[in-house]
Amino acid sequence: MQKFIKKILVPVDGSDSSKKALEQAIAVAEAANATITVLEVVEDFGPLPGYYEAAPKGEDRVKWISEQRFEKVHPPLDNTKVKWDRKIVEGYPAYEICKVAQEGSYDLIIIGSRGLNAVTRFLIGSVSDRVVHHAPCTVAVVR
């Protein structure tokens, strides 16, 4: 029995590589008549330098950070007929991506690669590497 791709999970973090991953996911979804879930995982430990600043006082931190990230990657969604939704969770990115993929029975994860150098990858690893090794479904890493 052949398995078809019907549900695609696309984690985004506002980076150029996550935007490229979303563009690739849209192309795959159009060809396969699949749906897309755009997943944003907001880290528990606060803002990451260079990606976004801390939320202004009085703002919901998770919602504020999510809006900053989504603003950077969403334009390709405006020009597609692919059905998509958006999910926002808080936690450790690789763990949460795999958890959402498992619970939602996704067929494919399309994730961007930040292109970390060898020293950085050795010291802290990368989210995409961890997802590739622990995901419950096929993972495509977009450079």
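Of all the residues in segment 1-15, those that are charged (D, E, K, R), modelled with pLDDT under 95 and either touching a strand residue (DSSP E or B) at 6+ places or on another chain (Cβ under 9 Å) or within 16 Å of A27 (Cα to Cα) (or both) number 1.
Every condition in (1) of a type in the set (K, R); (2) at pLDDT below 95; (3) in a helix (DSSP H, G or I) is met by K99 except one, and the failing one is (2). Restricting attention to segment 13-34, the residues that are touching a helix residue (DSSP H, G or I) at 6+ places or on another chain (Cβ under 7 Å) and either of a type in the set (S, T, N, Q) or without any contact (Cβ under 8 Å) to a residue 40 or more places away in the chain (or both) total 1.
The values are calculated or read from the model by the stated rules, or taken from the named source; none is laboratory data. Owing to the predicted nature of the structure, the values given are computational and were not obtained by experimental measurement. Note that we place each Cβ from the backbone using ideal geometry, even for glycine, and neighbour counts take in every protein chain shown.
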